[in-house]
1. Can you compute 3J(HN,Hα) from phi for each residue in the range 226-241, using the Karplus curve 6.51 cos²θ - 1.76 cosθ + 1.60 with θ = phi - 60°, rounded to whole Hz and x for Gly and Pro?
2. What ³J(HN,Hα) values, in whole Hz, does the Karplus curve 6.51 cos²θ - 1.76 cosθ + 1.60 give for the range 62-70 when θ = phi - 60°, with x put for Gly and Pro?
3. Starting from the Cα of F196, step 7 Å along the direction of its Cβ; do the same at L230; then give the gap between the two resulting points in nm.
4. Among I136, I250, A110, whose Cα sits farthest toward the positive end of the charge dipole of the range 2-279 (+1 at Cβ of Lys/Arg, -1 at Cβ of Asp/Glu, about the Cα centre)?
5. Please give the residues of the range 196-214, grouped as numeric ranges, whose backbone N is less than 20 Å from a label point set 7 Å along the Cα-to-Cβ vector of I175.
6. Using 0.36 nm times the number of residues separating E74 and T210, minus their current alpha carbon distance, what extension gain do you get?
7. Report, in deg cm²/dmol and to the nearest 500, the calculated mean residue ellipticity at 222 nm for the chain, where each DSSP H run with n ≥ 4 adds -39500 (n - 2.57) and the sum is divided by the residue count.
8. Work out from phi, with θ = phi - 60° and the Karplus expression 6.51 cos²θ - 1.76 cosθ + 1.60, the ³J(HN,Hα) of each residue of the range 74-86, listed in order in whole Hz, and give x for Gly and Pro.
Amino acid sequence: MKITWSGHELDFSRKTYIMGILNVTPDSFTDGGRFFAKDAAIERGLGMVEDGADIIDIGGESTRPGSDVVGIDEEIRRTIPVIEELVRRTRIPISIDTYKACVAERALGAGASIVNDISGLRFDTGMPKLVARSGIPVIVMHIKGTPKDMQVNPVYEALIPEIIDYLRMSMRIAIDAGVNEDRLILDPGIGFGKTFQHNLEILKNLHEFTLLGKPLAVGPSRKAFLGKILNNATPSERLEGTAAAVAVSIINGADMVRVHDVKEMAKVAKVADAIKRVRLGKYDEPSL
């Protein structure tokens with residue numbers, strides 16, 4: 001599978017892509033607002049490029065469990081200056097992490113070239129048509145509920161089939177709005193309306209989502225379920241847990257991983273890719 005647009009290309013037959021997370025918020029669950037200031041965010045973004053990020057995903061509203069909605073004007077104020085500067089100083093694609101069409105439109109105007117919508121195009125009815133008009137790739141994620149209430153006792157009768165049905169319906173929403181189906185990327189939404197057990201089940205059965213025929217993005221980075229496994233480790237102490245989850249994700253079918261620790265996860269992905277591609281008969285040993 002390959003996506004080509006506006007001078008960018010994602011060739012998923014070649015490698016797993018690393019999406020670096022850049023939260024321009026004062027209340028991120030992982031960094032507590034370390035990159036809320038414009039200059040700090042730009043420096044962090046450029047550092048992720050040096051560390052091997054293929055995409056930078058910029059978000060101006062925290063979507064951690066229990067978080068409140070941020071106003072459109074504030075979300076724009078947080079993200080657009082950072083996007084403009086990173087677009088000027090790097091050639092890799094910049095993604096806007098938002099479910100609001102107004103924010104996405106301003107971000108695309110500033111030079112962003114991917115939309116990452118945690119709602120799967122459900123929260124804002126204007127988003128599908130915006131993506132269609134823009135002709136850019138969109139990451140369509142599954143969520144049960146909203147960030148405010150998604151972790152309040154999420155229940156499924158059949159976890160994997162229900163997520164697949166949700167993603168299939170989001171694909172239909174996109175296609176009906178005129179989105180090129182070859183520019184859809186799917187995300188099962190680790191931690192978004194999922195219990196500890198649900199997250200593990202998704203990672204174990206990730207290959208089932210590949211049957212939808214679209215590139216698959218996965219975001220286990222520093223999530224709470226890893227902390228629980230690692231004796232209540234804090235987000236900053238979940239590096240090794242994230243590495244294990246990223247490796248499992250890639251072996252089980254992920255084409256893109258969304259991570260905080262770009263340098264380390266780029267190395268994890270390189271090894272996992274080698275193992276997966278040997279299994280598929282597509283890996284050539286590097287020369288020394």
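All of the numbers you see were taken from the coordinates with simple rules; none came from a lab. Just so you know, these numbers come straight off a predicted model, no measurement behind them. Please note: Cβ atoms are built from the backbone with ideal geometry, for glycine as well, and neighbour counts cover all protein chains shown.
1. Residue by residue, the range 226-241 yields 5, x, 5, 4, 9, 6, 6, 5, 6, x, 6, 9, 9, 4, 5, x Hz.
2. 5, 10, 5, x, x, 6, 8, 6, 9
3. About 1.6 nm separates the two model spin labels.
4. So the residue we want is I250.
5. Zone members listed by number: 208-214.
6. On the way: separation 136, 0.36 × 136 = 48.96 nm, distance 3.67 nm.
Result: 45.3 nm gained on full extension.
7. Details: 9 runs with 115 residues, N = 288.
Result for the chain: -12500 deg cm²/dmol, rounded to the nearest 500.
8. Once rounded to whole Hz, the list reads 5, 5, 5, 4, 6, 9, 4, x, 5, 4, 4, 6, 5.
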